[in-house]
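Written out below as structure tokens is the structure these notes cover.
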Amino acid sequence: MRLIGLDPGLQRTGWGVIEAVGSRLSHVANGTVTSNAADELSARLRQIFDGVRDIIARYAPDAAAVEETFVNKNPTSTLKLGQVRGVVLLAPALAGLSVAEYTPNHVKKSVVGAGHADKGQIHHMVKVLLPAVAITGPDAADALAVAICHAHHAATDRALSHRIAGGAR
């Protein structure tokens with residue numbers, strides 16, 4: 001299964017694509033989609049949408065996962081981040097992908113084992129879990145962590161569905 005993880009941000013939206021075969025994970029690609037800070041908000045949202053759409057078309061993932069919004073103290077920033085999340089959720093949905101959402105603490109706990117891990121710990125564990133990876137930046141590392149989190153949960157869901165379908169207890 002090929003998965004794309006997305007870490008929404010107005011300046012930089014991180015993305016990471018991985019392959020999951022059983023419990024084995026491998027890196028496909030990662031990077032960031034940027035928007036021009038000099039442009040008005042609608043143009044920046046379009047830049048992010050187009051970038052995510054193009055990455056989905058290029059790497060053809062089977063499913064997507066997006067990190068949920070972290071609430072800021074500044075309501076204007078929180079609102080803009082929510083708008084970015086909207087276009088980041090829309091791009092894979094329009095491509096026909098299922099889109100899972102995970103809280104930042106859930107992603108950290110899944111990848112690092114601690115819900116309050118810092119970015120350095122996340123970066124380190126992504127490199128441990130994807131040994132051949134060359135991470136292009138912290139936003140891409142976060143996106144790869146989202147994809148890894150989804151791979152773990154998707155594998156568990158598939159195993160559970162298989163057991164239920166087979167009548168095993």
Within region 7-18, does at least one residue satisfy the condition of being closer than 24 Å to V128 by Cβ and acidic (D, E)? yes
How many residues are of a type outside the set (A, V, I, L, M, F, W, C) and within 15 Å of P61 (Cβ to Cβ) when one looks only at region 25-40? 4
Residue identified as modelled with pLDDT of 95 or more and of a type outside the set (S, T, Y) among G86, G137: G86
I'm trying to understand the selection: among the residues of region 1-49, which are in a loop (DSSP other than H, G, I, E, B) and either surrounded by fewer than 20 Cβ atoms within 10 Å (Cβ to Cβ) or among the charged types (D, E, K, R) (or both)? M1, L10, Q11, G22, S23, N36, A37, A38, D39, E40
Take region 128-142 and flag every residue that is surrounded by fewer than 16 Cβ atoms within 10 Å (Cβ to Cβ) and either within 13 Å of the chain's Cα centre (by Cα) or not in a loop (DSSP other than H, G, I, E, B) (or both). V128
Looking only at region 114-127, count how many residues are exposed (fewer than 11 other Cβ atoms within 10 Å of the Cβ) and in contact (Cβ under 8 Å) with a residue 12 or more places away in the chain. 0
Restricting attention to region 47-80, which residues are over 19 Å from the mean Cα position of the chain (by Cα) and either of a type outside the set (S, T, N, Q) or under 23 Å from C149 (Cβ atoms) (or both)? N72, K73, P75, L79
Return yes or no: is V99 over 17 Å from I55 (Cβ atoms) and surrounded by 16 or more Cβ atoms within 10 Å (Cβ to Cβ)? no
Matching residues in region 50-79 - criterion: being assigned to a helix (DSSP H, G or I), exposed (fewer than 14 other Cβ atoms within 10 Å of the Cβ) and of a type in the set (K, R): R58
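The values are calculated or read from the model by the stated rules, or taken from the named source; none is laboratory data. On a predicted model such as this, the values are computed, not experimentally measured, just so you know. Ideal geometry is used to build each Cβ from the backbone, glycine not excepted, and the neighbour counts take in all protein chains shown.
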